[in-house]
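Here is the structure we will look at.
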Amino acid sequence: MSYNLDSLQLTSLFSDFDILQSQHGASRYNAIYGAGEIQKPKICLVFMNPTARNVSASQDWDGIRAPWVGTKNIWKMFYQLGIFTNYEIVQKIEKIKPDEWTPDFAYDLYSEVAKESIYITNIAKCTQEDARHVKNDVYKDYRDLMLQELDEIQPEATFAFGNQVSSVLLGRNISVSNYTGESDEILSTKQYSHKIYPTYYPVGQGRRNISKSIERINAVLRIESVD
């Protein structure tokens, strides 16, 4: 299958992310890039950093390298939120094992993500062996590229998951517990202003806060009229 990555990813940034992978990531894995709708999506979701659980980080993977490929829980959450509505794909994700994901399936999945007007990314694209803590300095090395990413895709609403991601992205200490309902922050770059919604991290160790994350996203999406 031929993959048109330019329709789903900002391929012009790949080389910069690859350089940072060599500096901050595990040597036997590749960087994971943002993917989805790259032209003014309704929603941009910004997570922390990829781990080796993402099967597309393997150097043997020949296809789209995108967040959460090979995982289950996050796609179930997206479906519960109503932002990803393809039930057939969600059902397949629930049934297959990580090593049963194929490049074709991952590409089809992100084609559907784009159709839903969603862009999914990590503030740091460096793949780690596991979910160990990544220092702020690493995230800060990615901040300028993250701002460029936002400027290029120009999302209507951007959810920054977790205190660390929100703080680095906004350039000051942020506690997501202070943000409820539709409360937001404005992130101004040289070109644009972006609406940022600091939100509880809903996966991994943050899974205990998934209900708060869902409540927050639902409140914002109603205000933003994102269907």
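The values are calculated or read from the model by the stated rules, or taken from the named source; none is laboratory data. Predicted model, so just to flag it, every value in this text is computed and none were measured. Positions of Cβ are generated from backbone atoms using ideal geometry, with glycine treated the same way; all protein chains shown enter the neighbour counts.
In table form, for the structure just shown:
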item	result
Members of the stretch 38-72 found to be under 17 Å from D104 (Cβ atoms) and in a helix (DSSP H, G or I), listed by number	V55, S56
Condition met for Q164 (modelled with pLDDT of 95 or more and within 23 Å of S12 (Cα to Cα))	no
Set G34, G25: member being of a type in the set (G, A, S) and under 17 Å from R132 (Cα atoms)	G25
Some residue of the stretch 49-70 being of a type outside the set (D, E, K, R) and at pLDDT below 95	no
Residue within the stretch 208-224 that is closer than 26 Å to N54 by Cα and outside any helix (DSSP H, G or I) present	no
Of all residues making up the stretch 16-37, the number that are farther than 15 Å from L145 by Cβ and assigned to a loop (DSSP other than H, G, I, E, B)	5
Subset of the stretch 161-175 [touching a helix residue (DSSP H, G or I) at 6+ places or on another chain (Cβ under 9 Å) and either of a type in the set (S, T, N, Q) or in a helix (DSSP H, G or I) (or both)]	N163, Q164, V165, S166, S167, V168, L169, N173, S175
Criterion (outside any loop (DSSP other than H, G, I, E, B), modelled with pLDDT of 95 or more, among the β-branched types (V, I, T) and in contact with a Cys (Cβ under 8 Å, 6 or more places away or on another chain)) met by exactly one of V113, V138	V138
Residue identified as surrounded by fewer than 18 Cβ atoms within 10 Å (Cβ to Cβ) and among the hydrophobic types (A, V, I, L, M, F, W, C) among I64, I32, I19	I19
Residue in the stretch 123-131 that is in a helix (DSSP H, G or I), in contact (Cβ under 8 Å) with a residue 24 or more places away in the chain and over 15 Å from the mean Cα position of the chain (by Cα) present	no
Residues within the stretch 72-99 that are surrounded by fewer than 16 Cβ atoms within 10 Å (Cβ to Cβ), basic (K, R) and at pLDDT 95 or above, tallied	2
Test: W75 is part of a helix (DSSP H, G or I), among the aromatic types (F, W, Y) and in contact (Cβ under 8 Å) with a residue 12 or more places away in the chain	yes
Every residue from the stretch 136-161 that is under 14 Å from the mean Cα position of the chain (by Cα) and closer than 23 Å to N218 by Cβ	L150, I153, P155, A157, T158, F159, A160, F161
